[in-house]
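Chemist: First, the structure itself, so that you have it in front of you.
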Amino acid sequence: MSEQAETLQQERLAALYALSAQLGMTLDLPLLLNQVMDALVQLTSAERAFVVLVDPLGGGLETVVARSVDQETIGDALPQFSHTIVEHVIKKGEPVLTGDAQEDERFATGESVGSLSLRSIMCAPLRARGKVVGAVIVDNRLKVGAFTREDLQLLIAFGTQAAIAIENARLFQQTDEALARRVDELTLFQRIDLQLNRSLDLGEVLDLALEWAIALTGADGGSIGLLQPGGAGQDCPSLQLYALRGSALPGPEYSLPVTHPVLSAVAEHGGSVLTHDVTVSSAIDGSPAATQLAVAIRSDGAPLGLITLESQHDHAFTEEDILFAERLADRAAVAIAKARLYEQVLQANRAKSEFISLVTHELRIPMTSIRGYADLLLAELAGPLSDSQKQFLKTIRRNLDRMAVLVGDLADINRMESGRMTFELGEFDLNQLVEEVARDLADALDARQQTLTLALAPLLPAAYADRTRIVQVLENLLDNAHKYTPEGGAITVWTQRVGDRLEVAVSDNGIGISPEDQARLFTQFFRSDHDAVRAQNGWGLGLSIARKLVEAQGGQIEFNSVLGEGSTFSFTVPLVEGASDDR
Ligand code: ADP
């Protein structure tokens, strides 16, 4: 080789090395592989070049690069490379160099060597992570002895670079696909979680979980059930079925003993069980199926229930379907636990409600009789009384009134909380109502030398609400103003129309309420620690009841208070329909 030709070859070699080194970094692998192979062909006086990979699943050969000397991709129509040599290289993991394949006893009998009239061939393995993943082969069909040992070294070097780059690209693609699948799954589970957690109704949660399981595994039908401990009327624990799809629901009370083959299999296996050729006796709903997948619903490791999915196809459920159903079961378990807890809370609340109902009713009966006899004695209908006897009876009467208020308040709260409170709506004159309530309180106000001013707006349209309940609210606010205003204080009641509402406000120049106490106002049993409050009787229930009564009738209750200066409580009442706007 002349000095000039040698320099040229060295330059080309350097260029090929530089190009090969880029393989590991490129994102457009096919393009770069083609470029490198073209350079290789030019440099080694090869006629054609191929990069062949072994299919990791089937074991067949896949051509990823096929370039001709004209720097073009060889189409399928053109004769292909020597399979005999490629297979030999892949099997042995060692390179091959032959100057004339047809005369080489190792390959001469190879079918492709003969049929393609191949002469010079060199082939190097592609090795990634210690495994031969394919081969790179260049050939020349005309020239004998076209390749040198140096050329083979170059091919081997290139093979090393290419194998790493191809493997990286393959891993990248796999990771990318796996990541995309994971993101899809997470998005889906986010939707499922949202739906499952939106409902606190156990039946709805179970229905939803089953619907998702059937839809996303492509099952023909399925069931979902919860394990019930053996109890009254039942000898042993059972699986109570709540929902069945794809076949008729045998009835709301449909349950299976834990000895049922599906349940025993799941219990024994500790995980999901896939059964083929499901018979009548091993099917959860008694109808045969080609495949049945049973997935346990577990909470903290303990079995809670079971999801089954049926299909009439033999290979219905993939590994992915099983994994999906298991993840869904985990999520359903959380929603089921929540729904059950909520059910328990509702039950406890119902029990409390019934208890209060019973107690208030039972207390009212003796209280009525005590009041009756006390009034009878006070009226001296059973004979004359001494002054101290009268005083004692009056104390009994006062305490009885206190008790009656508490019993009445508890009964009201109970009715409202259990949704049993009814309102008898009707039209009434609000100013008249205020005057009546004020009159009833006149004696109590006089006793503490408190003045009461009524500032009532004239010509108010009629209110539309439950009159008795509005009286109750106003009585409470006026009574509070009276109790929490020192002797000689001033109280004012205002009425006015505000938009499509009537407003009543009770203002006092009493003890006022501290900002901390204001934050707790309207909560049940709240009473301020202020000495003036503790000196008065009360249960701390009035305001919370007043707020519920006002709001239930479409009004609002508000307050304004400054400690040591006084308070104003106001509430609104709906107007009668059709009240003219110009008033
Ligand atoms: P009660 O009067 O039986 O204590 P309420 O629910 O009617 O119960 O009132 C709760 C608490 O709110 C009272 O104990 C008192 O601390 C405070 N409060 C209510 N009205 C006034 C008011 N007009 N002035 C000062 N404090 C008040």
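The values are calculated or read from the model by the stated rules, or taken from the named source; none is laboratory data. Here the structure is a predicted model, which is why all the values come from computation and not from measurement. Ideal geometry is used to build each Cβ from the backbone, glycine not excepted, and the neighbour counts take in all protein chains shown. The protein model used for the area step is the full one, side chains on, heavy atoms only, and it has no ligands, DNA or RNA in it. Shrake-Rupley method; radii C 1.70, N 1.55, O 1.52, S 1.80 Å.
Chemist: Would you kindly derive the ³J(HN,Hα) couplings of segment 103-114 from the backbone phi angles with the Karplus curve 6.51 cos²θ - 1.76 cosθ + 1.60 (θ = phi - 60°), listing them in order in whole Hz, with x for Gly and Pro?
Modeler: 9, 7, 5, 5, 10, 3, 7, x, 4, 5, 4, x
Chemist: Moving on to the next point. Taking +1 at the Cβ of each Lys and Arg and -1 at the Cβ of each Asp and Glu, which of ALA128, GLY114, LEU142 sits farthest along the dipole of segment 101-143 towards its positive end, judged by Cα position relative to the Cα centre?
Modeler: The one lying farthest along the dipole's positive direction is ALA128.
Chemist: A follow-up question, please. Can you find, among GLN161, ILE85, LEU563, the residue farthest towards the positive end of the dipole of the chain? Put +1 on the C-beta of Lys and Arg, -1 on that of Asp and Glu.
Modeler: Of the options given, the answer is LEU563.
Chemist: Continuing with the same structure: Have a look at THR485, LEU454, VAL437 and report the one farthest towards the positive end of the charge dipole of segment 383-489, computed about the Cα centre with Cβ charges (Lys/Arg +1, Asp/Glu -1).
Modeler: Positive-end residue among those listed: THR485.
Chemist: Could you give the dipole magnitude of the chain about its Cα centre, charging the beta-carbon of Lys and Arg +1 and that of Asp and Glu -1, in debye to the nearest 20?
Modeler: 1380 debye
Chemist: At q = 0.06, 0.10 Å⁻¹, work out log10 I(q)/I(0) for the chain with the Debye formula, treating every Cα as an identical point scatterer and leaving solvent out; two decimals please.
Modeler: Result of the Debye calculation: -0.67, -0.98.
Chemist: Given segment 406-518, report the % of alpha carbon pairs whose separation exceeds 21 Å.
Modeler: Cα-Cα pairs in segment 406-518 separated by more than 21 Å: 46 percent.
Chemist: From the backbone phi of segment 543-554, what are the Karplus-calculated ³J(HN,Hα) couplings (6.51 cos²θ - 1.76 cosθ + 1.60, θ = phi - 60°) in whole Hz, Gly and Pro given as x?
Modeler: Couplings: 5, 5, 5, 4, 4, 5, 5, 5, 5, 5, 9, x Hz.
Chemist: Then there is this: Mind checking the per residue accessible area of segment 443-583 for me, 1.4 Å probe, whole number of Å²?
Modeler: Solvent-accessible surface per residue comes out at 50 Å².
Chemist: OK, next. For segment 21-73, I need the span (max minus min coordinate) of the C-alpha atoms along each principal axis, in Å, sorted largest to smallest.
Modeler: Per principal axis, max minus min of the Cα coordinates gives 34, 26, 16 Å.
Chemist: Hey, another quick one. Can you tell me the length gained on complete extension of the stretch GLN102 to LYS394, counting 0.36 nm per residue apart and subtracting the Cα distance?
Modeler: 92.0 nm
Chemist: Where the centroid of each part is defined by its Cα atoms, how far is segment 285-322 from segment 348-366 in Å?
Modeler: Using only Cα atoms to place each centre, the spacing works out to 48 Å.
Chemist: If R0 is 22 Å, what FRET efficiency do you get for GLN518 and GLN556 from their C-beta distance, rounded to 0.05? Mind showing how you got there, number by number?
Modeler: Numbers: r = 16 Å, r/R0 = 0.75.
Result of the calculation: an efficiency of 0.85.
Chemist: Same structure again: Using only Cα atoms, find the angle between the long axis of helix 430-447 and the longest principal axis of the chain, and express it within 0 to 90 degrees, rounded to the nearest 10.
Modeler: Approximately 60 degrees, to the nearest 10.
Chemist: With +1 assigned to the C-beta of every Lys and Arg and -1 to the C-beta of every Asp and Glu, and no other charges, what is the dipole magnitude of segment 419-557 about the Cα centre in debye, to the nearest 20?
Modeler: Here segment 419-557 has a charge dipole of around 360 debye.
Chemist: Once amide H atoms are placed 1.01 Å from N in the peptide plane, what residues at a sequence separation of 5 or more from GLU94, or on another chain, have their amide H within under 5 Å of its amide H?
Modeler: none
Chemist: Between SER45 and ASP529, 0.36 nm times their residue separation minus their Cα-Cα distance comes to what?
Modeler: 164.0 nm
Chemist: Let me ask you something else. How much mean residue ellipticity at 222 nm does the chain get from its helices, if each DSSP H run of length 4 or more adds -39500 (n - 2.57) and you divide by all residues, to the nearest 500 deg cm²/dmol? Mind showing how you got there, number by number?
Modeler: Numbers: 14 runs with 273 residues, N = 583.
-16000 deg cm²/dmol, from helical runs alone.
Chemist: So for segment 485-583, averaging the separation of alpha carbon pairs under 8 Å that are six or more residues apart and normalising by length, what relative contact order in percent results?
Modeler: That works out to 33 percent.
Chemist: Now for a separate question. Please list the radius of gyration and Dmax for segment 471-541, considering alpha-carbon atoms only, with Å as the unit.
Modeler: 13.3, 40
Chemist: Whose amide H sits under 5 Å from the amide H of ARG127, counting only residues 5 or more places off or on another chain, with H placed in the peptide plane?
Modeler: For ARG127, whose amide H was placed from the backbone, the distant partners under 5 Å are VAL133, ALA163.
Chemist: Quick one: what are the phi-derived ³J(HN,Hα) couplings along segment 278-292, Karplus 6.51/-1.76/1.60 with θ = phi - 60°, whole Hz, x for glycine and proline?
Modeler: 6, 8, 4, 6, 9, 7, 5, 9, x, 10, x, 8, 6, 9, 9
Chemist: Okay, next question. What dipole magnitude, in Debye to the nearest 20, does segment 493-575 give about its Cα centre under +1 on Lys/Arg Cβ and -1 on Asp/Glu Cβ?
Modeler: 280 debye
Chemist: Turning to a different aspect of this structure: Could you list which residues have their amide H under 5 Å from that of LEU454, counting only those 5 or more apart in sequence or on another chain, with H placed in the peptide plane?
Modeler: VAL493
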